[in-house]
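The values are calculated or read from the model by the stated rules, or taken from the named source; none is laboratory data. Owing to the predicted nature of the structure, the values given are computational and were not obtained by experimental measurement. Note that each Cβ is placed from the backbone with ideal geometry, even for glycine, and that neighbours are counted across all protein chains shown.
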């Protein structure tokens, strides 16, 4: 599903170079449940962003389903993000002006689907993540755990092959965090989707089928 | 679609949106109001010229050419004017409003000068003096469902409709109510007074001479041939158009800058949302169009309010002038909206491109 070959990423901020990734090579197969583990600043989020076509590497090759990412144009990348990958972010990243159901339906709407059809599907997915009753609430009317469930529903709406979650429990208390992990695990069990979770919580990472440890921009295991 | 989500943002910043619209609103209001004069005057004059073709119009000195209903002349002057060489015929006309009905009074025999040679009584017959008789236009007849033989009450007195004019296509003529001059003077206590004179020259070439003679020799009246009316009107409308152009340019510039400024701030504030949308699959083009549409919506929204205000403004001015001089035509409405859309697009391009170029990662960092 994802393949990284000797990927480097250098950020330049005010003339100072930061090496976020220094030659990362890894492969994640379809249907795997993988945790990317590492201390903060180790480059794990950068790794995920590059896998998810949100960011481009400074050097090295990235392949999604065998296609080289650097050879795709902006529209193709947008389509991959919309249809092949579902993102879950630490800060949920819901659109504040939209209700839960509208947030979940947004990827479908961006793909040109009609309003009625999109909302019907969104409602169904919201029910699956246990929020069938709170579809018309705005993000600021929901708890952190609920917002993250909405975000997971949004990541699922296009039935993508992979879910990429960047510290999905980072802003949540222990109980809600556990619930979110259970939700992702169930999702993996039931649908066999590829699930990649970035976290610095060792206990949560242990639940995944494979751990990828990263330190100072290098994969260490 | 994405723009739905973007447009929701307006609701979150109501005051800012309204204030941003204000610039376009005031601009379009001013431009439309000023243009409405130029439109109205052109319509009015074209209407008039169609009827007065080849005639010389005489009004009270100092009366502005399009406010002839305010003009008041001594009827005795008619004889003096008739004695000017080259004058073939003179129609003395009185305009008065009785019980809300605008009535034109002309002495029997001279109506053809103002009606034009081809307009005749289509149905019924011409009026006779002292018989309390009226002739009305087809439009007025249709609007009020009148036919020949019907009686209209004016100031408690009964007047009979004895004729209906042929349809002319000229709104002034088709909606006219006419009676003999003497009868109208008597009805409105205006004995010896008329509003204007219309002079028919012996030959078209005499018009200029008659105009000159009246303007030189009379203290209380002034004359204008339709040619000189046309000239002064086109001079005036071209000045109005120049003013519109100046106003429009300034309004466009200022409101464009305001919209651009607000949109740049708004895009910056929403970096995170825009980045999120790109992360979940919005294309650059969708982001670009959404922001452009937002700018156009603000601009056109302001324009629509401005146009509505200009309808109010012009009717107020017309009420004060007691003349339908300012006219907001469909052309002006469309022009205003297109102009605003143009302002929106131009001022939205920069912020929209900034938004489209945002990397999803850059935007997600804003947390």
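Quickly run through region B:73-92 and pick out the residues that are over 34 Å from the mean Cα position of the chain (by Cα), part of a helix (DSSP H, G or I) and in contact (Cβ under 8 Å) with a residue 40 or more places away in the chain.
Matches in region B:73-92: B:80 only.
Regarding region B:319-326, can at least one residue be identified that is away from chain A (no Cβ under 14 Å), on the phi > 0 side of the Ramachandran plot and in contact with a helix residue (DSSP H, G or I) (Cβ under 8 Å, 6 or more places away or on another chain)?
Within region B:319-326, one or more residues are away from chain A (no Cβ under 14 Å), on the phi > 0 side of the Ramachandran plot and in contact with a helix residue (DSSP H, G or I) (Cβ under 8 Å, 6 or more places away or on another chain).
Please indicate, with yes or no, whether at least one residue in region A:110-119 is surrounded by 22 or more Cβ atoms within 10 Å (Cβ to Cβ), within 17 Å of the chain's Cα centre (by Cα), free of Cβ contacts under 8 Å to residues at least 60 places away in the same chain and facing another protein chain (nearest Cβ under 8 Å).
Looking through region A:110-119, none of the residues is surrounded by 22 or more Cβ atoms within 10 Å (Cβ to Cβ), within 17 Å of the chain's Cα centre (by Cα), free of Cβ contacts under 8 Å to residues at least 60 places away in the same chain and facing another protein chain (nearest Cβ under 8 Å).
Residue by residue, here is whether (1) crowded, with 21+ Cβ neighbours inside 10 Å; (2) out of contact with any helix residue (DSSP H, G or I) (no Cβ under 7 Å at 6 or more places or on another chain) holds:
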{"position": "A:70", "(1), (2)": "no, yes"}
{"position": "A:85", "(1), (2)": "yes, yes"}
{"position": "A:92", "(1), (2)": "yes, no"}
{"position": "A:107", "(1), (2)": "yes, no"}
{"position": "A:146", "(1), (2)": "no, yes"}
{"position": "A:151", "(1), (2)": "yes, yes"}
{"position": "A:156", "(1), (2)": "yes, no"}
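Going by the structure shown, is residue B:280 under 30 Å from residue A:51 (Cα atoms), crowded, with 22+ Cβ neighbours inside 10 Å and away from chain A (no Cβ under 14 Å)?
Taking the combined requirement at face value, the residue does not satisfy it.
Being in a strand (DSSP E or B) and within 17 Å of residue A:146 (Cα to Cα) is the filter; apply it to region A:68-94 and report the residue that is nearest to the other protein chains (Cβ to nearest Cβ).
Looking at the filtered set, the residue picked out is A:87.
For residue A:175, work out the one condition from (1) part of a helix (DSSP H, G or I); (2) buried (at least 16 other Cβ atoms within 10 Å of the Cβ) it doesn't fulfil.
The single condition residue A:175 does not satisfy is (2).
Here are some residues: B:350, B:309, B:293, B:289. Which one is over 21 Å from residue B:16 (Cβ atoms), in the same structural domain as residue B:237 (by TED's automatic domain parsing) and surrounded by fewer than 22 Cβ atoms within 10 Å (Cβ to Cβ)?
Matching residue, one of B:350, B:309, B:293, B:289: B:289.
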